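Down below is the structure, laid out as structure tokens.
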Amino acid sequence: MSHISRRAVLRGLGAAVALPFLDAMYPAFAAQTVKKALGSPTRMAFLYVPNGIVMNEWTPAGELGATPLGDLPRVSKALAPYRNDVMFLSGLTSNGGRALGDGPGDHGRAGAAYLTGVHPKKTYGKDIQTGISMDQFAARSLEGKTRFASLELGCEDGIQGGNCDNGYSCAYSNSISWRGPSTPNPPEIRPRAVFERLFGAADQEKDPAKRRRLQSYEKSILDVIMGDAQSLKTSLGGSDRRKVDEYLTAIRDIEKRIQNVEKDNATRVVNFPMEALSGSVPTDFTEHSRIMFDLMTLALQTDQTRIMTVLLGIEQSPRNYPEIGITEGHHGLTHHQGDKEKIEKVTQINEYHIKQFTYLLDKLKATPDGDGTLLDHSMIVYGSALADGNAHQHNNLPTVIAGRGNGTLKPGRHVKYADETPITNLYMSMLDKMGVPVDAIGDSTGKLEGLSDL
């Protein structure tokens, strides 16, 4: 078995397909010892849901401090099979999302302050101002170690200009990742664009004839790298050959699903905005989120990036969910004013969202990575910058963190902090566990204790 580089890729015309970690990427002598010494990198991702969560159906029982996870309430119940892989955190606050003298605009502030810890400037002009988001502190520190410093994905389109919430720019609502105080990182919602960014180079090809060939959605990207793949497999052991075959099969499966969406969108005539039917964006939320999660898994598996954010919905999302029989807009339902029927529908939406999260957990837990799985070597935060959406509460935010962070997290618990603990303290701790030095993030007051009990 030949030794190959951990940065090896399969190449073909306009394609560069990175490989997952293989045994052959470690020296043949004392391979297990070397693998343990090199270790697997720690990955970090944030999955954001808008408009808050029905908190009495989310929060597990527990007193101040750490409590083993018991029975989970209705919304979070889907996470029960992963109780040993997740940790619920309570008592965390995003103070920057509050009015602080600026009046209405909780949704606009919520998204902008979530990862920055900074109260955004009230404007809908070009002079937007918030802070640098914590994912970008990590991206800067890890720059050059991966192909992409970070990736920003989404499942709902939003605009970046104009007034979206009582004088707050739409940029605040539509981005949780901020490269600089006035520079948002808008999420990419098109699966085709993400796929080509990870595996293709059509946008870099100057020759028009070659571009047409690369952009033919009937052709598999695997066709153009198959020669390189077959050559590689002749030098691999049996276990690595299986890994490569499974990996390429997963790529082809995603590619086929994207092609099917594109064909469907090209032929269907339904009462949807044209942008929802264009290109590779599914109209079905389940399919959209799962394609994105599959792409996310491949990006992390191949170490193309270690930092990701996924905006499952924008703040004030008007999205309805016919997949579960809900035709009213999400945001409108959250302003229920105690209406039990509306609360029930919001609860169903919350349940629906968390079930998509479990799909990602399945993928990460089933993906081998070094001496464990991708989930073992990750910190995946799922949450919202609002607790109760009706009251626009910015304290006691719904927060769960999945994975073991390469042994730095102790899941299977509900850790309840004193109310008004800055959520940025969580980010300080996460960055510390990734080896990213930072003095402060927004309103942080220090690192969050109790995540590892080590």
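The values are calculated or read from the model by the stated rules, or taken from the named source; none is laboratory data. Nothing here was measured: the structure is a model prediction, and the numbers come from that model. Cβ coordinates were reconstructed from backbone atoms using ideal geometry, including for glycine residues, and neighbour counts include every protein chain displayed.
Do we have any residue at all in the range 368-379 that's of a type in the set (Val, Ile, Thr), crowded, with 23+ Cβ neighbours inside 10 Å and without any contact (Cβ under 8 Å) to a residue 60 or more places away in the chain?
So far as the range 368-379 goes, no, none of its residues is of a type in the set (Val, Ile, Thr), crowded, with 23+ Cβ neighbours inside 10 Å and without any contact (Cβ under 8 Å) to a residue 60 or more places away in the chain.
Checking His414 against (1) part of a loop (DSSP other than H, G, I, E, B); (2) surrounded by 19 or more Cβ atoms within 10 Å (Cβ to Cβ), which single condition isn't satisfied?
Checking His414 against (1) part of a loop (DSSP other than H, G, I, E, B); (2) surrounded by 19 or more Cβ atoms within 10 Å (Cβ to Cβ), the one that fails is (1).
Considering only the range 23-32, I want to know if a residue exists there that is under 25 Å from the mean Cα position of the chain (by Cα) and at pLDDT below 75.
Looking for residues that are under 25 Å from the mean Cα position of the chain (by Cα) and at pLDDT below 75, one finds none in the range 23-32, hence no.
When you go through Leu232, Leu222, Leu236, Leu248 one by one, which is the residue that is crowded, with 16+ Cβ neighbours inside 10 Å, modelled with pLDDT of 70 or more and not in a helix (DSSP H, G or I)?
The unique qualifying residue is Leu236.
From (1) assigned to a loop (DSSP other than H, G, I, E, B); (2) farther than 27 Å from Phe21 by Cβ; (3) at pLDDT 95 or above, pick out the condition that doesn't hold for Ala149.
(2)
Condition first: closer than 19 Å to Pro411 by Cβ and part of a loop (DSSP other than H, G, I, E, B). Now tell me which residues in the range 65-105 satisfy that.
Those that are closer than 19 Å to Pro411 by Cβ and part of a loop (DSSP other than H, G, I, E, B): Leu69, Gly70, Asp71, Leu72, Pro73, Val75, Arg83, Asn84, Asp85.
Return the pair list, or none, for Cβ contacts closer than 7 Å from residues in the range 292-318 that are acidic (Asp, Glu) to residues that are surrounded by fewer than 24 Cβ atoms within 10 Å (Cβ to Cβ) and in a loop (DSSP other than H, G, I, E, B), at least 6 apart or on different chains.
Between residues of the range 292-318 that are acidic (Asp, Glu) and residues that are surrounded by fewer than 24 Cβ atoms within 10 Å (Cβ to Cβ) and in a loop (DSSP other than H, G, I, E, B), the close pairs are Asp303/Pro41.
Check the range 53-71 and report whether any residue there is touching a helix residue (DSSP H, G or I) at 6+ places or on another chain (Cβ under 6 Å), charged (D, E, K, R) and either closer than 21 Å to His330 by Cα or surrounded by fewer than 21 Cβ atoms within 10 Å (Cβ to Cβ) (or both).
Applying the first criterion (touching a helix residue (DSSP H, G or I) at 6+ places or on another chain (Cβ under 6 Å)) to the range 53-71 yields 53-54, 57-58.
Still in the running and charged (D, E, K, R): 57.
Checking the rest, the ones that are also either closer than 21 Å to His330 by Cα or surrounded by fewer than 21 Cβ atoms within 10 Å (Cβ to Cβ) (or both) come to 57.
Yes, the range 53-71 contains a residue that is touching a helix residue (DSSP H, G or I) at 6+ places or on another chain (Cβ under 6 Å), charged (D, E, K, R) and either closer than 21 Å to His330 by Cα or surrounded by fewer than 21 Cβ atoms within 10 Å (Cβ to Cβ) (or both).
Residue under question is Lys363, and the condition is that it be outside any loop (DSSP other than H, G, I, E, B), among the basic types (Lys, Arg), touching a residue at least 24 places away in the same chain (Cβ under 8 Å) and in contact with a helix residue (DSSP H, G or I) (Cβ under 8 Å, 6 or more places away or on another chain); does it hold?
On the way: outside any loop (DSSP other than H, G, I, E, B): yes; among the basic types (Lys, Arg): yes; touching a residue at least 24 places away in the same chain (Cβ under 8 Å): yes; in contact with a helix residue (DSSP H, G or I) (Cβ under 8 Å, 6 or more places away or on another chain): yes.
When the stated conditions are applied, Lys363 passes them.
Under 8 Å by Cβ, and 6 or more places apart or on different chains, what pairs join a residue from the range 246-265 that is more than 18 Å from His288 (Cβ to Cβ) with one that is in a helix (DSSP H, G or I) and β-branched (Val, Ile, Thr)?
Pairs that qualify, where the first residue is more than 18 Å from His288 (Cβ to Cβ) and the partner is in a helix (DSSP H, G or I) and β-branched (Val, Ile, Thr), are Ile251/Ile221.
Mind listing whichever residues of the range 417-432 are crowded, with 19+ Cβ neighbours inside 10 Å and of a type outside the set (Gly, Ala, Ser)? Please lay out each step first, then the result.
Step one: list which residues in the range 417-432 are crowded, with 19+ Cβ neighbours inside 10 Å, which gives 417, 421-431.
Scanning the range 417-432 gives Tyr417, Thr421, Pro422, Ile423, Thr424, Asn425, Leu426, Tyr427, Met428, Met430, Leu431.
Can you tell me which of Thr327, Thr267 is surrounded by fewer than 21 Cβ atoms within 10 Å (Cβ to Cβ) and at pLDDT below 95?
Thr267
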